[in-house]
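Comments concern the structure below.
Each reported figure results from applying straightforward, stated rules to the coordinates on display, with no laboratory input. Being a predicted model, the structure only gives us computed values, none of them experimental. As a convention, Cβ positions derive from the backbone with ideal geometry for all residues, glycine included, and neighbour counts pool all protein chains shown.
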Amino acid sequence: MSARLLDPSVPVEAHAGERLTGAPVVWLGTVGPGGRPHTVPVWFTWDDPTITIFSRPDTAKIGHLRAHDAVSVALDTAEEGTDVVTGSGHAVLTQFGRVERALDAFGRKYGPVLGEQPLDAWLMTFSLPIVVTLDRLVAWRSTSAGLEYASLPSGG
């Protein structure tokens, strides 16, 4: 696993980690033919510095990732646009056996949303794991004490 991006002792980074853990959707940006951007909302789990997504294998994003592994991610803004988390990195298409920890976290996070549908049944459709390793993360938020900002890694 790559080195963690977030330091939980730094308030803006701890807050970004909480948002990445709890947000229901992250926007995944891929690059299509001719460099055209393609952005879609996806369910995900966060384990610093990786985001794991489960996709149908027949989607445009999968075709894009087979040709070009660079991606961007962004959470919906919070607090009327004053709480922002974005990042970029590279994606790998993988197999269930390589994402067991993420699979457990995914079940805990989305099980209540699935209701009566078992996770195993849902995964029959969304059968292709995507692991995004972030190499850059930008987070900022406005607080009563002023602007908190992090661009990670800090030398990047």
Exercise. Which FRET efficiency, nearest 0.05, do Asp76 and Glu116 yield, Cβ-Cβ r, R0 35 Å?
Worked result: 0.80
Exercise. Any idea how far the Cα center of the stretch 58-125 sits from the one of the stretch 1-26, in Å?
Worked result: 16 Å
Problem set entry | Charge tally in the Cβ shell below 14 Å around Trp43, where Lys, Arg are +1 and Asp, Glu are -1, Trp43 excluded | +3
Exercise. Ratio of Rg to Rh for the stretch 11-152, alpha carbon only, Kirkwood?
Worked result: 0.98
Problem set entry | Test item: Cα-centred dipole of the stretch 11-152, Lys/Arg +1 and Asp/Glu -1 on Cβ, debye | 460 debye
For this session: Calculate the translational D of the stretch 1-63 in whole µm² s⁻¹ from Stokes-Einstein, where the hydrodynamic radius comes from the Kirkwood formula applied to all Cα pairs, the temperature is 4 °C and the viscosity 1.567 mPa s.
Result: 97 µm²/s
Exercise. Where the eigenvalues come from the Cα gyration tensor of the stretch 26-90, what are the semi-axes √(5λ) of the equivalent ellipsoid, largest first, in whole Å?
Worked result: 22, 14, 11
Problem set entry | Amide proton proximity set for Val73, modelled H, under 5 Å, gap of 5+ | Gly29, Gly87, Ser88
Seminar exercise, completed: Residue-ordered couplings for the stretch 25-31, obtained by feeding phi - 60° into the Karplus form 6.51 cos²θ - 1.76 cosθ + 1.60 and rounding to whole Hz (Gly and Pro as x), are 9, 10, 8, 9, x, 10, 10
Exercise. What's the long-distance tail for the stretch 79-143, i.e. % of Cα pairs beyond 17 Å?
Worked result: 58 percent
Exercise. How many nm separate the modelled label positions at His90 and His68, each set 7 Å beyond the Cα in the direction of the Cβ?
Worked result: 1.6 nm
Problem set entry | Under the Karplus curve 6.51 cos²θ - 1.76 cosθ + 1.60, θ = phi - 60°, whole-Hz ³J(HN,Hα) for the stretch 86-91, x wherever Gly or Pro sits | 9, x, 8, x, 10, 10
